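A.B. asks: Here it is, the structure in full.
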Amino acid sequence: MTTKIIFSVILGIITGIFILPETMAGHIGIMIDIGLCLLLFFVGIDIGKQGDIFSKIKDMGIKIILVPIMIGLGSIVGAMLAGILLKIPLNQAGAIGAGFGWYSLSAIELSKYSSKLGALAFITNVSREVIAIMIIPFVAKYIGKLESIAPAGATAMDTTLPIISSVTDSDVAIISFISGVILSAAVPIIVPMFMMIS
Amino acid sequence: MNFLIYLIILALGGYIGYKDILNDFVNKRIAIMQNYALLFILFIMGISLGIDNHVIEYFATIGYQSIVIALFTIIFSILFVKLISKKVLQREERITNDN
């Protein structure tokens, strides 16, 4: 499945660059939305088959909140360390990391301060999503199921949720969705906060 | 699209799965349909990246920095989750054993 995932993304990128005209871009967004809804519906069926979801969430307890908190902290610390290496101001690197893979929103927020920073946030978070799609199956297999949510960041509730669900189990899929929702809600708050520190 | 729509769709699927509404024929094929749908949407997502000239343009100039930051965010978020995964999963394993 991992090879097929990587192959599909690369084939798509090549098709987009060399075959399809840019005028198709508008239709592609709609296709992604429809496909995503279909996939989430399937993920929902999988979760539902496992039994009472609400009592499972209740039994898992408040500890599952630790997952998005640690993903958020890890993303920001990692981005800041990369910022030191690349000589990017710490607050800017932190703001890019706090995009948590949500490239459109983080890029829009940071474009208000500088177009270069907006572009960097955009490409960094696009790269994060693409890398996440490719490595989630490896992380789930060789590091751990819960850890496989980490690369996804905010996308754990949508684009990468079907991958996480297919390589882990329904409990991890539930944690993934909750984690993605919390991280997505945090992006518009944390990104501007970092830019205020200067 | 926002998380409320996703939540409604997940809940709808969850309800159908929980109530076991679908017949055996569909049930047996769901995993296959899911895999094909996943690969198709990943292909479309790939197209959306490749078709956008800005992505390619930006990538040529700031791609190196972007990949370094993206890799660091991924590696450190995995390491940070690793610190708490036992704590979270211990509880989950106990629930599974109880069941």
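Bear in mind these aren't lab numbers, they're just calculated from the coordinates by the rules spelled out. Just so it is clear, the model here is predicted, and its values are computed rather than measured. Glycine also receives a Cβ, built like all others from the backbone with ideal geometry; neighbour counts cover every protein chain displayed.
A.B. asks: What does the net charge come to around B:Asn23 if you take all other residues with beta carbon closer than 15 Å to its beta carbon, with K and R at +1 and D and E at -1?
C.D. replies: +2
A.B. asks: Please report the orientation-averaged projected area of segment A:2-196, defined via the convex hull of its C-alpha atoms, in nm². Don't skip to the answer; put the middle values down first.
C.D. replies: Working: hull surface 48.2 nm².
Averaging across all directions leaves 12.1 nm² for the Cα convex hull.
A.B. asks: In peptide B:53-60, what is the residue-averaged number of other protein chain Cβ atoms found within 10 Å of each Cβ? Mind showing how you got there, number by number?
C.D. replies: Numbers: counts 3, 4, 9, 3, 2, 8, 5, 1.
Mean partner-chain Cβ count within 10 Å for B:53-60: 4.
A.B. asks: Could you check the simple spin-label distance between B:Asn35 and A:Ser111, using points 7 Å along Cα→Cβ, in nm with one decimal?
C.D. replies: Between B:Asn35 and A:Ser111, the label points sit 4.0 nm apart.
A.B. asks: Still on this structure, please answer the following. Where does the charge balance sit around A:Leu40 when Lys and Arg score +1, Asp and Glu -1, over other residues with C-beta under 13 Å from its C-beta?
C.D. replies: Working: positive: none; negative: A:Asp33, A:Asp46, A:Asp158.
Overall, the nearby charge balance is -3.
A.B. asks: Taking the Cβ-Cβ separation of A:Ile197 and A:Ser104 as r and a Förster radius of 30 Å, what is the calculated FRET efficiency to the nearest 0.05?
C.D. replies: 0.80
A.B. asks: Let me ask you something else. Explain nothing, just compute: Karplus ³J(HN,Hα) = 6.51 cos²θ - 1.76 cosθ + 1.60, θ = phi - 60°, for every residue of segment A:186-192 in order, whole Hz, x for Gly and Pro.
C.D. replies: Taking θ as phi minus 60°, the curve returns 7, 3, x, 8, 6, 4, x Hz for segment A:186-192.
A.B. asks: Related question: For A:Ile84 paired with B:Gln90, estimate the spin-label separation in nm (one decimal), with each label point 7 Å from Cα along the Cα-to-Cβ line.
C.D. replies: 3.1 nm
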